[in-house]
Each structure stands twice: as structure tokens, then as C-alpha cells.
2 protein chains.
Amino acid sequence: MSTRPVLLMIVPPGWGRFWQEPLAAGNVQAYVHGQDLYAPGDIEYALGFRPKPGFLKTLPNLKAVFSLGAGIDGFLTDPDYPRHVPLVRFVDDTLSTEMAQFVVMHVLIQHRSERMYAGAQREAKWRQAMLPRATENTRIGMLGIGEIGAMAAERLRDLGFPVSGWSRTRKTIPGIKSFAGAGERDAFLEQSDFLVCLLPLTPQTHHILNAQLFAGLPKGAYVINVARGGHLVEPDLIAALDSGHLSGATLDVFETEPLPETSPIWKHPKIVATPHVAAITSPAVAAKSVVDGIAALQRGEPLKNVVDLDRGY
Amino acid sequence: MSTRPVLLMIVPPGWGRFWQEPLAAGNVQAYVHGQDLYAPGDIEYALGFRPKPGFLKTLPNLKAVFSLGAGIDGFLTDPDYPRHVPLVRFVDDTLSTEMAQFVVMHVLIQHRSERMYAGAQREAKWRQAMLPRATENTRIGMLGIGEIGAMAAERLRDLGFPVSGWSRTRKTIPGIKSFAGAGERDAFLEQSDFLVCLLPLTPQTHHILNAQLFAGLPKGAYVINVARGGHLVEPDLIAALDSGHLSGATLDVFETEPLPETSPIWKHPKIVATPHVAAITSPAVAAKSVVDGIAALQRGEPLKNVVDLDRGY
């Protein structure tokens, strides 16, 4: 039996190979679920994204579970999640930076009429136009402004946009207006020309992007969802786009992933759809964070980024 | 005869109406060239972009000329420009911000494979991919890093990219590596995965984006020209794209504008072409800067942003 810490990777087929080397370099014995043979009792740590409900409780000696992403709703929906085992979510600067890049890019693509210019190029037409709305009058609202949302908010602020954030508790970020709690939600929405959802998915935020919320946004608002598909009521979005109340949407996450080929979302002229790529956890970076977390536990030190299972993030 | 300062606008047809109101509010008497009747001797100030060579010298009482944009090469190519009249270039935060937005957006569109995802959406295909190159290994080189280039450089730096700048004199911008002068040009080029041209157009920088410069860039480099069409040798760019040495280019400016429908640039699969819209001078903002400049002169104060006619910017 190995004296090295033993980790089970619960990852899509083919992903294991990206992790094996950095984990071995960190002196961790790693098995891939569904590929390698292992004894459940040997597993001390698990790493994954959305394990099958009930599976984790079959590992009797688990000391910690590491999430492959910043969102951990894929674990919380397991009614048999072993609640005495700390769940660690992955947060690092690379993830926040990639998310900020994605949000900034899609705000700018809309703000700067990029798709119109791409169409004009296909027709070989010189079609010059002023900005439809000045940057200083284009208000960005971040629905959820934790570590990741804050970076996106700051980058948009630095590109001249007025930015605000809505969160459970009030935040102090220079130049960013903070709205807090249910009582300030309507005031937040009515001043959001772009609404960017970066909330954690919890029972309280499930289907928060619905007809009622869209009605509270200014006419012509644009919605970006880079959090979870479960935040959005997809038919409500399509209705608000088709009525002309919303001008468009960028969706990176969906209730069903991969998004089925038959989904009306793919072909909707006002929707930009991307395949959950706003921020991809880098195996090299994430493996180091897992190795560091295991080493801390082995030394008896506290783990960082442990999820509050009751709060849900 | 009016006692208000008298300004002549030399602008494309239809543009005059955007300026009339803010100039009147600033107590300036404004005429539009080619539309209004005026006596040449009454004109004290002129405002424009690319007046016909020889025209400005027909205005005997000119006290200052205001450029509609940050680039003033449209005036310097007039051999009869009245050199005793100060030429003021337009620089304001709005222009720098819009330029930074445009550069950031087009770097991200390439870096984040946005066109690939747009194509996958048209085919209703879930085509997930890792970033072709990590952000921290994607080096941006700003060819020209004055007021406008510096802001674009800082915004890219804050999104995780290593950024450097090349300029005539050395610059000190936190987190941005400075290369200066002809002696450091090759070292600058060989570490630029993205090359962003924001130089002023002068006899020294005319056709600087040529085959020899492209050969000095790393294989797979991407070129963005948001300065002037005169910087670029268009056939050299197309050759470098077709050989595979360069991976792509975004061009906002062209030797002939509007770009003719017959130009091969429109249809080139590796070129993103936009109709000189990276940063559009806002009439309201620019009119205020002209009104302020005139008022300063009338009070006997020095003008800001006066061009050094010998240096060319």
C-alpha cells in the first residue's frame, strides 16, 4: 500500500492525462475513476466536477473533496454528499482573469457593434457608424460580485463603463456602486444596461433570471450568463428577446450541457452561445492547488476556500 | 461683422449638424466649408481632418487649426500648410478609452478563439477547446506607446497579458516593458505575439509594417493596425498571412479609405477589417475641446496639444 496521499479523479474521459504529471510531481498517488483499479477504502481525497449522486459516500476514508471549478453546485445537489468531509472550491487568479476576459470581450462585442461590422466585411461594405450608446452611459450590473465578479467589474470600470454590483452583503470596491440584499435588487436592475450573472447556484438563485427579473431591466438591456445554466429560465429569455424588451444575450452555460443540437438557442439571432468555455480550469494550475491543499491537511493546517455547505458557496 | 470668434469647419457632408449646437453653446460662430457663405478673411480658426492641400493658406487671418482626430498626418502632407499657425491635435480620454476598448476586444477575439465559437454556433455544435495559448505566454507589443497606446497597454496588462511597448524615447509605465529607439526594435519585435500599431504617421514610420518587420515577429504572430493605412504595405501583409508566418490581422485603417469593394482585404479569411471606427471623435466632446482652446487663445493663454511640425506629432 502506498504511503503517498491517494486521490481519486472523477473527470470526463481523456481528462486524466492532463493531471497525472503535475499530481505525480506533487507526490500524490492519483487514480482515475472508471479507468484505474482501486480499493474504495484507500481513497483519501477526491477531485471532480459533478460526481454521480451517492458515489462519494461509498468512499469511507475521504478527508477532503476538491472541486474542479469555482462553482460547487454539482456537489451540493447530491443528497448523500458526506457532509463531514470538507468541500474545497477552486479559485485562482487564472480563473478570474479568464472570466474577466470573457465578460469584457462579450460586453465590447455588443457595445462596439462587432457583429454588424463582421457582416459588413462579408459584404465588402464600408459601413461606418457612431457608437449606438456612449460608454459613459452604458451601465453594467454584476449580479453576484465575489472574487471572480469583482475582477470583471474592475476591468470594465477601467474601460470607461459605469459599473455596479449586487450581492447578499455590501461590498467596497473603488469606483463600483454596491447594491445589497433583496431590498435593493429592483433599484440595481433598473440601472443595468448590461446584466452579467456570476452568482453561485443555490436554491435561492435557481431560475433567478426569469421573466419578472427581465421586466425590471431597462428596455434594450443585454444579458450575459457565465454562472450556471440553472440560473436561467431559457423560455423566459427567448420571450423577452422576441418581444424586443431585451436586445440580446450571451450564454456560456445551459440547463443541459452539452446544449442539444435541437435547442432553439443555437439559431436565435439575438443570442451568442458558447460551450461553457468562459473560464477553463487549467490542469497545471489546479493540480498545484490540490497538491498544496493536501499538503496543508497532511501538516495539520487548515484548508483554504472550504465551502459553507449551508450557505451553498 | 460678428464679434464672436469665427470658425470654419472642413468636414464631410452631413457632419456639420453634429457640431453646430455645441459650438454655438460655446459662443463660437461656425461656418461649414462647401455649405455656408463666408469671407476668407473673417476666418480665425479652422477645424477638420484632411483639408485639400493648399486650402488653409487661402485663409489669411488663421490663428489656429484644430485636428478632428489624434493623427495630424492629413495636415502635414499639405506642402502649403501655413507653418506659423499652431496645429492642435485632439486628445481626450474618450478617444483613448475607445481605442483601448477596440484593441482589447480584437486581442481577445483572437486569443479566445471567438470566431471559431461563432462558427460552431452557426452549426449548432458544442465544440469545447482549451485556450490555444495561456494568457501569461501571450505577449503583446505596442508599436507606439503615447497617451493612447499607454491606455490600451495598461488594460491588456490588467487582463493578464505580458505587455511591452516600443517608442522613440524610453517610457516608464508600471508593469510594461519599454523598448526604445532603432537599436531595440528587433528585440521588441521578436517577443511580440500580438503587434499593435499605434504610431503617428510620419515620413519615418510610413510603410513600417512591411515584409522585413513581419519577418522579425515570432511565427504565428497577429498584427493589429489602428493607426494609419500608410503604415502598412498591404501586399506584404497578405504574403505573410498566406505563407503562414502570421496567423491573422485586424485592420481598421487603409491606404485608400473607404476601402474599395474590390480590395482582396475584405474577403481574406485571416483578416478582420473594420471601417476606421476604432475611436470616433465625439462631436460633443471635441467641440468642447475646440471651444476651450479658442477661449484660452482669446485670453492670451498657451494652447495645449500643439503639434511639433518638425517632429510630425
Being more than 14 Å from chain B (Cβ to nearest Cβ), open to solvent by less than 20 Å² (accessible area, probe 1.4 Å) and touching a Gly at 6+ places or on another chain (Cβ under 9 Å) is the requirement here; does A:Ile10 meet it?
no
Suppose the filter is open to solvent by 20 Å² or more (accessible area, probe 1.4 Å), over 16 Å from A:His106 (Cα atoms) and out of contact with any helix residue (DSSP H, G or I) (no Cβ under 9 Å at 6 or more places or on another chain); does A:Gly183 pass it?
yes
Working only within the range A:166-217, note down all residues that are over 15 Å from A:Gly149 (Cβ atoms) and in contact with an Asp or Glu (Cβ under 6 Å, 6 or more places away or on another chain).
A:Asn210, A:Ala211, A:Gly216
Looking at the structure I just gave you, is B:Ser113 small (Gly, Ala, Ser) and at pLDDT below 95?
no
Output for the range A:259-291, where each listed residue is more than 24 Å from A:Thr94 (Cα to Cα) and either within 17 Å of the chain's Cα centre (by Cα) or aromatic (Phe, Trp, Tyr) (or both):
A:Leu259, A:Trp266
Selection count, the range B:18-34, where residues are on the phi < 0 side of the Ramachandran plot and touching a strand residue (DSSP E or B) at 6+ places or on another chain (Cβ under 9 Å)
10
In this structure, is B:Phe55 surrounded by 14 or more Cβ atoms within 10 Å (Cβ to Cβ), closer than 27 Å to B:Ile148 by Cβ and not small (Gly, Ala, Ser)?
no
Checking A:Leu297 against (1) within 23 Å of the chain's Cα centre (by Cα); (2) more than 14 Å from every other protein chain (Cβ to nearest Cβ); (3) of a type outside the set (Gly, Ala, Ser), only one condition comes out false. Which one?
(1)
Within the range A:161-180, how many residues are open to solvent by less than 30 Å² (accessible area, probe 1.4 Å) and in a loop (DSSP other than H, G, I, E, B)?
1
Among the residues of the range B:210-227, which ones are free of Cβ contacts under 8 Å to residues at least 60 places away in the same chain and in contact with a strand residue (DSSP E or B) (Cβ under 7 Å, 6 or more places away or on another chain)?
B:Phe214, B:Leu217, B:Gly220, B:Ala221, B:Val223, B:Asn225
Taking the range A:230-263 only, how many residues are at the interface with another protein chain (Cβ under 10 Å from one of its Cβ atoms) and open to solvent by 50 Å² or more (accessible area, probe 1.4 Å)?
5
Filter the range B:264-277 for residues that are at the interface with chain A (Cβ under 9 Å from one of its Cβ atoms) and either free of Cβ contacts under 8 Å to residues at least 12 places away in the same chain or within 18 Å of A:Met130 (Cβ to Cβ) (or both) and give the result.
B:Trp266, B:Lys267, B:Thr274, B:Pro275, B:His276, B:Val277
Note on A:Thr281: of the conditions (1) in contact with a strand residue (DSSP E or B) (Cβ under 7 Å, 6 or more places away or on another chain); (2) within 29 Å of A:Thr169 (Cα to Cα); (3) modelled with pLDDT under 95, unmet is (1)
Can you list the helices (runs of 4 or more DSSP H) found entirely within the range A:23-141 that contain at least 2 residues being more than 12 Å from chain B (Cβ to nearest Cβ) and among the hydrophobic types (A, V, I, L, M, F, W, C)?
A:73-76
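The values are calculated or read from the model by the stated rules, or taken from the named source; none is laboratory data. For clarity, every value in this text was computed on a predicted model and none was experimentally measured. Glycine also receives a Cβ, built like all others from the backbone with ideal geometry; neighbour counts cover every protein chain displayed. Quick note on the areas: whole protein, heavy atoms, side chains included, nothing else; ligands and nucleic acids left out. Shrake-Rupley method; radii C 1.70, N 1.55, O 1.52, S 1.80 Å.
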